C-alpha cells in the first residue's frame, strides 16, 4: 500500500501543478471570477493532499492496523470529490456540482484524523 500512496501522491502533485497553471493561464478571462476562485481552491487542496498521500506512504509501513491505509484512501476520495467537483463546477458552470464538494471535505477531515490516530499508535523508533 505504501508504494500506491507514494505514487498517487507524486502523480496527484503533478496534476495539481498542471491544474493550477491551466486555471491561471487558460481559464482567466474565460470563466467567471467566482468559478475561477473555486477552481484554484480545488488545485490548492489537491496539492496539499498530494503531500498528505506521500505522508501516508511513509506511515503505512510504520503504523500497525489499518488507520494509515484508511487515511490514504480517504485522501484519495477527498481529492476526487472535493477537487474534482470544483474543477467540474468551474469548467461546466453547473452549480449543482457544488453539492458534492462538502463530501470531499468530510473525507479530507476523516483522513487527517485517521492519520493522526495512526501516528499516535505507531511504535517509537
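Some observations on this one:
- Separation in nanometres of the label points that stand 7 Å from Cα toward Cβ, at residue 10 and residue 62: 1.9
- Between helix 33-59 and the chain there is an angle of about 20 degrees, using the helix long axis and the longest principal axis of the Cα atoms.
- Angle in degrees between helix 101-121 and the longest Cα principal axis of the chain, rounded to the nearest 10: 20
- Of the options (1) 17.4, 56; (2) 15.6, 52; (3) 19.4, 60, only one is Rg and Dmax of the Cα atoms in Å as computed from these coordinates, and that is (2).
- Helix 67-78 and the longest principal axis of the Cα set of the chain meet at an angle near 10°.
Every read-out reported here was derived from the displayed coordinates using simple, explicitly stated rules and does not represent laboratory data. Given the structure is predicted, the values throughout are model-derived calculations rather than measurements. Note that each Cβ is placed from the backbone with ideal geometry, even for glycine, and that neighbours are counted across all protein chains shown.
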